[in-house]
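Below you'll find the structure, written out as structure tokens, and then a few comments.
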Amino acid sequence: MKKFMLWWMLVCLPAMAYAQEVHIMKNVSYQPGQKLFVGLAGSDLGAPIRFQVTDDQGKPVSGALVTFELIEKPGKAKGEKLGLKAVETDSQGVAENSFTLGDAAGDYIIIARTAKMTGDTPHVVVRAQRTMWWLFLAIGLFGGLGIFLYGMGLGSGGLQKIAGDRLRGILSALTSNRFLGLLVGIVVTAIVQSSSATSVMVVGLVSTALMTLQQAIGVLMGAHIGTTITVQLIAFNVSDYALLLVGAGFLMTILTKRKFYIYLGEIILGFGFIFFGMAVMSQAITPLKSMPAFISWLIEFGKSPLLGILASTLFTAVIQSSGATIGLCVVLASEGLLSLQSAMPLVFGANIGTCVTPILSAIGASTNGRRTAVAHTMFSIIGVVIFTPFLLPFEAMTVNVTQWMGSDSVPRQIANGHMIFNLMTAALLISFVPLTAKLITKLIPEKAEGEEFKPKYLNNAYLETPDIALQQAQLEEGRLVDLVKQMYGEVLNLYKPNNEERLAKVRELLKNANLLENAIRRYLTRLSQKSISLSQSKQLMRVLLTIDDLRHISERIGLALAEQSERFVDNKWKFSSEGENDLNQFYTLIKGRLDKTLDALMKEDKLVAQEIINTKHSISEQEVKLRAAHMMRMAKGGEDTLNSSNSHLDLLAILKRIDSFNVKMSHEIVEQFQF
């Protein structure tokens, strides 16, 4: 028995001691989902290389000496260096070391071992990028972002062209109260897939008094909710089918002549580009997944929400698309680079940054237009201020809602967080719309217009929303119509004595008419280069033609008649009583037709326009009769008739020429509705 005990002590106890000293090592350097480190050649990695030592029971081993070794590097690399060759493990069994990459691009492989290690040798892969690697990443990232934004613009444009001017009618007609306005804002933005387009339309409608400030605020709050639908679509991972959508949309645009299917093809093509742009961005940022410095920077957004809000606000203000900013967040999240905690401040900032579009559209707009832009921005900022202190419970609620919907993906959490935020902001603030409207009205009082004559409604920001841009151009056309009416009202007065002030007035009106016509023409020329529908194209062409006709009328009065009447008064001539009666009769006849034509122009009334066309021959007949009557008076030899003969006949000719422009404008009104 004693011999057995001695044998057991000599053989088993050393074996047990040996078994307790077995070390198992594993790499604990990477973040979840990470497979390697990425750094710049010739620089410090920026993250520790960490290996953990445990015993065969899985318990950390402290004080174990871990040896680090670089076993592989690019062929011509120089300058690579481990911080220490050997490191003792801490209380968690972790040995931590630093690493400086060599000057050559490629993979560096580092292993670690202990004297008592068993099993596979763990290793860390560090990929060195060339100094200019970021340039290629930026090209891919911004190229993908450009494709994404182009797709959003193309899809939004196609949707707007299908909807035509019905959207403007819906916005101006169905916003009788702020709650209905909220619903309309949601629906319209969901249709056009752009809160920026909705906000520009709203600012335009408020500027033209077709919508009140209070109604506009409700619509803009709805626009924020409507744009969340776009983000929900983006959160679906359908990048694999992006090129299929691009191909299908392209075929629809070239294989049919029907406008509806062409516009539908543009919508599909737009969505294809959106998802293809996301795929390009996702591919471009792949190296960032393994770059410790970038991951740490993104984590800071979760730790410092104000930093994330500010960065996102500035970025969204530059690209003028909250959808693109949040889409980029979705891409980063899908690659495992962005958590919900880091993403929500970026979502909040995007909501503020998108307000830059209505602010830009309000430049040069009416006072109410500026008030609308300020109200939009104010509500966005207030919503962010309310929810930022409660980010943690808000994020927890978002996670619960997403899990209830059957998903745990971070991209879907971001999309849901965006929607919940806007829904809750609208629910909290919509009751304060009347009070806010009164406050903003006091803060931004009506500003007296300056004396300088200039266009009032033409705003380049509206060019991205053709329907509103056309409406604004027609409002300026209405101002041009008023100028022409004023000029025509002075025609006979120019032949009266002491006409200096009237001549100066007519020439000033001519100057203003030329300025306005030139501004409208340039504006519509820029608009014609945008993607517009067939009906919008016809309307644009009609406006271009009619403003040219109005310019011709103003020049007949401000140049030819002004010069002739000045000579007439200087020579102290006067018309005979019979001649003056004839001129008054013809002037009144043309004036009636001019008023009807210009009213038909403003109302786009083709029936009245057709009536002007049908009765054009009566004007020619009347002019011939009046010329014959004048010749008969000349045969009688009256002094006033002889002296005023040239002026009398020229005035008849100019009045008849003005009516020819009435007829021409009427034809243009009628042809606008012929498809």
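The values are calculated or read from the model by the stated rules, or taken from the named source; none is laboratory data. Source: prediction; values computed, not measured. Here the Cβ is made from the backbone with ideal geometry for all residues, glycine too, and neighbour counts use every protein chain on show. These accessible areas exclude ligands, DNA and RNA; they are computed on the full protein's heavy atoms, side chains included. Shrake-Rupley method; radii C 1.70, N 1.55, O 1.52, S 1.80 Å.
Structural remarks
- Breaking point among (1) open to solvent by less than 30 Å² (accessible area, probe 1.4 Å); (2) at pLDDT below 75, for Phe294: (1)
- The stretch 44-72 - residue that is of a type in the set (S, T, N, Q) and open to solvent by 50 Å² or more (accessible area, probe 1.4 Å) and, of those, modelled with the lowest pLDDT: Gln57
- In the stretch 615-675, counting only helices (runs of 4 or more DSSP H) that sit wholly within it, the ones holding 1 or more residues that are within 16 Å of Asp595 (Cα to Cα), small (Gly, Ala, Ser) and open to solvent by 10 Å² or more (accessible area, probe 1.4 Å) span 645-672.
- Residue match in the stretch 138-151 (condition: open to solvent by 60 Å² or more (accessible area, probe 1.4 Å), modelled with pLDDT of 75 or more, farther than 30 Å from Asn422 by Cα and within 31 Å of the chain's Cα centre (by Cα)): yes
- Residues being small (Gly, Ala, Ser) and farther than 12 Å from Leu589 by Cα - total across the stretch 609-619: 1
- The number of residues in the stretch 567-588 that are small (Gly, Ala, Ser) and open to solvent by less than 70 Å² (accessible area, probe 1.4 Å) comes to 2.
- Residue list for the stretch 20-29, filter: of a type outside the set (S, T, N, Q) and open to solvent by 60 Å² or more (accessible area, probe 1.4 Å): Glu21, Ile24, Lys26
- Residue under evaluation Ala41, criteria (1) under 30 Å from Ala333 (Cα atoms); (2) open to solvent by 40 Å² or more (accessible area, probe 1.4 Å); (3) at pLDDT below 90, criterion not met: (2)
- Exclusive hit being in contact with a helix residue (DSSP H, G or I) (Cβ under 6 Å, 6 or more places away or on another chain) and within 30 Å of Lys442 (Cα to Cα), set Cys329, Cys355: Cys355
- Subset of the stretch 98-112 [assigned to a strand (DSSP E or B) and open to solvent by 10 Å² or more (accessible area, probe 1.4 Å)]: Thr100, Gly106, Asp107, Ile109, Ile111
- Residue match in the stretch 360-370 (condition: open to solvent by less than 10 Å² (accessible area, probe 1.4 Å) and under 28 Å from Ile274 (Cα atoms)): yes
- Checking each residue in the stretch 251-279 for being farther than 30 Å from Ile139 by Cβ, in contact with a Ser or Thr (Cβ under 9 Å, 6 or more places away or on another chain) and among the aromatic types (Phe, Trp, Tyr) picks out Tyr261, Tyr263.
- Met405 being open to solvent by 40 Å² or more (accessible area, probe 1.4 Å), of a type in the set (A, V, I, L, M), within 28 Å of the chain's Cα centre (by Cα) and more than 30 Å from Arg507 (Cβ to Cβ): no
- The residues of the stretch 478-522 that are under 18 Å from Leu651 (Cα atoms), part of a helix (DSSP H, G or I) and open to solvent by less than 10 Å² (accessible area, probe 1.4 Å), listed by number, are Val484, Met487, Tyr488, Leu494, Leu503, Val506.
- Index of the failed condition, Ala115 passing every other in (1) assigned to a helix (DSSP H, G or I); (2) modelled with pLDDT of 70 or more; (3) open to solvent by 60 Å² or more (accessible area, probe 1.4 Å): (1)
- Members of the stretch 238-267 that are closer than 13 Å to Ser533 by Cα, within 25 Å of the chain's Cα centre (by Cα) and not aliphatic (A, V, I, L, M): Lys259, Phe260, Tyr261, Tyr263, Glu266
- Residue in the stretch 464-471 that is in contact (Cβ under 8 Å) with a residue 24 or more places away in the chain and surrounded by fewer than 19 Cβ atoms within 10 Å (Cβ to Cβ) present: no
- Residue count for the stretch 575-613 satisfying the condition of being farther than 30 Å from Gly637 by Cβ and of a type in the set (Asp, Glu): 5.
- Residue count for the stretch 556-566 satisfying the condition of being among the charged types (D, E, K, R) and buried (at least 17 other Cβ atoms within 10 Å of the Cβ): 1.
- Lys591 vs. criteria in contact with a helix residue (DSSP H, G or I) (Cβ under 6 Å, 6 or more places away or on another chain), assigned to a helix (DSSP H, G or I) and surrounded by fewer than 22 Cβ atoms within 10 Å (Cβ to Cβ): no
- Residue tally, condition of a type in the set (D, E, K, R) and either in a strand (DSSP E or B) or more than 21 Å from Thr89 (Cα to Cα) (or both), over the stretch 34-59: 3
- For the stretch 408-463, residues that are of a type in the set (Lys, Arg), in contact (Cβ under 8 Å) with a residue 12 or more places away in the chain and surrounded by fewer than 19 Cβ atoms within 10 Å (Cβ to Cβ) total 3.
- Leu154 vs. criteria farther than 21 Å from Ile468 by Cα and modelled with pLDDT of 70 or more: no
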